[in-house]
Amino acid sequence: RGKNEWWASQHEVHDFSVGGPFPHGDDRFAVHYRYDVTFKPDGTRYGMEEVGLYSVADGKVVREEFFYSM
């Protein structure tokens, strides 16, 4: 939660899109995120893409993994 709060406080989001979810069996799914943001401390605007891979057990997300384009 702290990481998300820091990220939101440090970035201005101009646009974003979400694709998915893309299920894989009963225990995993992926989501594709695309952002257009400005990093507030230095004013740098950039695009970012990531894929979140979520593992599920007993109906709850128990693990998150994120993959970023470089």
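Entry note, the chain: the mean residue ellipticity at 222 nm calculated from DSSP H runs of n ≥ 4, each adding -39500 (n - 2.57), is -3500 deg cm²/dmol after division by the residues and rounding to the nearest 500.
These residues, LYS40, LYS60, go from largest to smallest accessible area, 1.4 Å probe, as LYS60, LYS40. Taking all protein chains together, SER69, SER55, SER17 sort by accessible area into SER69, SER17, SER55, largest first [probe 1.4 Å]. Taking the Kirkwood radius as Rh and the Cα radius of gyration as Rg, the chain has a ratio of Rg/Rh equal to 1.04. Sparse packing (at most 15 other Cβ atoms within 10 Å of the Cβ) combined with a DSSP loop state is found for the following trypsin sites (Lys or Arg not before Pro) in segment 1-41: ARG1.
Under a Cβ-Cβ cut-off of 12 Å, what is the net charge of the residues other than SER69 that fall near it, where Lys and Arg count +1 and Asp and Glu count -1?
-1
Within the accessible area of the chain, the carbon and sulfur atoms contribute 53%, probe 1.4 Å, all protein chains present. Solvent-accessible surface of the chain, taken per residue with a 1.4 Å probe and all protein chains present: 77 Å².
The values are calculated or read from the model by the stated rules, or taken from the named source; none is laboratory data. The structure presented is a predicted model; accordingly, all values stated were derived computationally and were not measured. Glycine gets a Cβ as well: all are built from the backbone with ideal geometry, and neighbour counts include every protein chain shown. The protein model used for the area step is the full one, side chains on, heavy atoms only, and it has no ligands, DNA or RNA in it. Shrake-Rupley method; radii C 1.70, N 1.55, O 1.52, S 1.80 Å.
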